[in-house]
Amino acid sequence: MSVHTLAICRRSAMQQGYSCRMGAIRTSHSHSHSHDEGSSHSHSHTHTHTQTARVQEPAPKPLDSPSTSSSPQSDGSRLSISRAHQYCASMLQSSFMSPKLITPFVPGPSRDAHIALSSLSAALKHASHPPLTSSASISMASGSSAASARLRLQFWKQTIQDIFAGKTPPSEPVAVLLTEVIGTHSYTRGFFMRMVDARMARVGDPPFANISALADYGEAAYSSMLYLLGESMPSVRAVAAEHVCSHIGRAMGVVEVLSDFPGMIERRGRVLLPVDVMVRHAVREEDVLRRIDVSDTEIRRKLADAVFEVATHANDQLITARTMLEEVVSQQGGRKNIDDAMFAPVLFAIPIRMWLEKLEKIDFDLFSPKLRVKDWILPWKMYWAYRSRKI
């Protein structure tokens with residue numbers, strides 16, 4: 001079968017699977033939500049995030065006055081809120097998940113929270129997998145590198161705990177802005193801890209046993225961030241879209257691993273597709289590492305088949321999220337009642353969907369340079385999704 005025919009078959013399979021899965025998902029997913037009248041709320045639906053206690057932390061006691069803790073001093077030892085905000089906003093310019101493009105659609109009072117939480121997510125990813133030079137011959141599995149990564153993540157864990165305890169944060173831009181945000185919102189601290197713990201578990205690049213384990217990583221690392229963004233919103237109705245965010249976060253985790261695939265091979269010598277998928281498609285790590293540079297046709301075909309299966313799972317998560325969003329629309333009495341507070345976290349689905357569509361067009365070749373080209377149409381797609389309240 002030619003590559004062109006294979007691509008058409010895969011594309012047809014995904015398109016046909018869309019309509020079939022839509023019907024199956026509607027019958028297989030049931031969600032019940034209950035909201036307490038107090039400061040905490042609980043959700044009874046079958047997602048991993050229900051394991052985190054929804055006891056929201058009160059805002060910490062005020063820290064030092066701006067003149068002593070936030071404003072720049074002559075020795076430059078402290079950062080101002082404005083400088084921290086500027087630094088964090090610049091961090092998001094190159095972020096793969098395009099949080100910078102989402103910022104204009106976030107309600108004004110919650111934009112600093114969106115920037116701080118997205119920056120924290122980026123900082124945690126960098127802490128667990130700092131860039132390696134092309135000449136580096138060691139991987140994160142080595143003892144010194146893994147220990148260094150754990151120390152960086154422990155710094156963030158301790159910093160978050162200190163912020164909730166009302167202590168002055170270290171003079172680090174993300175920590176400074178995060179302190180300001182946590183001081184003005186009521187957050188579930190457990191979600192912050194899950195974000196850190198998810199990255200800590202990835203130190204050393206342990207393999208994913210199966211696709212479910214990969215999706216669970218996305219739930220912890222990214223869904224938790226979306227839940228916190230929902231808690232930042234001025235409307236209490238924002239929590240109605242939490243189950244939608246659960247599936248979006250899981251898709252984000254899968255796409256992160258797929259998008260990092262070439263770099264993991266080049267700089268760290270690791271193939272991190274789920275083990276069960278690699279076994280089903282007879283993909284051996286040593287074959288990929290040894291022959292990928294010479295474009296071995298058979299290895300490329302097997303690898304594309306494995307990537308197709310993993311990408312399909314991410315697509316299924318987005319289909320489920322889309323179905324759940326329609327249920328929210330129905331519950332709220334129409335799209336006109338889906339306010340910005342409810343919809344802003346859901347917008348993270350758009351860059352993920354577009355990346356998967358691009359991957360499909362190039363026949364699931366993770367090494368294609370086309371995957372690294374920015375989509376000029378993404379801002380327009382984001383705006384259209386915002387206006388139509390559809391993902």
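Quick one: would you say ASP197 is in a helix (DSSP H, G or I), closer than 29 Å to THR323 by Cα, among the acidic types (Asp, Glu) and touching a helix residue (DSSP H, G or I) at 6+ places or on another chain (Cβ under 9 Å)? In short, no. Scanning segment 117-157 for residues that are modelled with pLDDT of 60 or more and either surrounded by fewer than 13 Cβ atoms within 10 Å (Cβ to Cβ) or part of a loop (DSSP other than H, G, I, E, B) (or both) returns HIS129, PRO130, SER144, ALA147, LEU151. State yes or no: is ALA306 surrounded by 18 or more Cβ atoms within 10 Å (Cβ to Cβ), among the small types (Gly, Ala, Ser) and within 18 Å of the chain's Cα centre (by Cα)? So ALA306 fails the test. The residue pairs whose first member lies in segment 159-173 and is touching a residue at least 60 places away in the same chain (Cβ under 8 Å) and over 10 Å from ARG189 (Cβ atoms), whose second member is surrounded by 15 or more Cβ atoms within 10 Å (Cβ to Cβ) and aromatic (Phe, Trp, Tyr), and whose beta carbons are closer than 7 Å, counting only pairs six or more residues apart or on different chains, are PRO173/TYR87. For ILE265, the requirement of being touching a residue at least 40 places away in the same chain (Cβ under 8 Å), of a type outside the set (Ser, Thr, Tyr) and in a helix (DSSP H, G or I) is not met.
Only a single item in (1) out of contact with any helix residue (DSSP H, G or I) (no Cβ under 7 Å at 6 or more places or on another chain); (2) of a type in the set (Val, Ile, Thr); (3) at pLDDT 95 or above is not met by ILE211, and it is number (1). Please tell me if ALA311 is surrounded by 20 or more Cβ atoms within 10 Å (Cβ to Cβ) and either within 19 Å of ASP363 (Cα to Cα) or more than 23 Å from the chain's Cα centre (by Cα) (or both). Yes.
The condition (being surrounded by 18 or more Cβ atoms within 10 Å (Cβ to Cβ), more than 23 Å from the chain's Cα centre (by Cα) and more than 19 Å from TYR222 (Cα to Cα)) is satisfied by just one residue among ASP296, ASP363, ASP287: ASP363. Annotation note: Cβ proximity below 7 Å between a residue of segment 84-105 that is under 17 Å from ILE352 (Cβ atoms) and a residue that is assigned to a helix (DSSP H, G or I) and among the polar types (S, T, N, Q) (sequence gap 6+ or interchain) occurs for LEU92/SER118; LEU92/SER119; SER95/SER118; PHE96/SER259; PRO99/SER118; LYS100/GLN93.
The values are calculated or read from the model by the stated rules, or taken from the named source; none is laboratory data. Not measured: the values here are computed from a predicted model. Note that we place each Cβ from the backbone using ideal geometry, even for glycine, and neighbour counts take in every protein chain shown.
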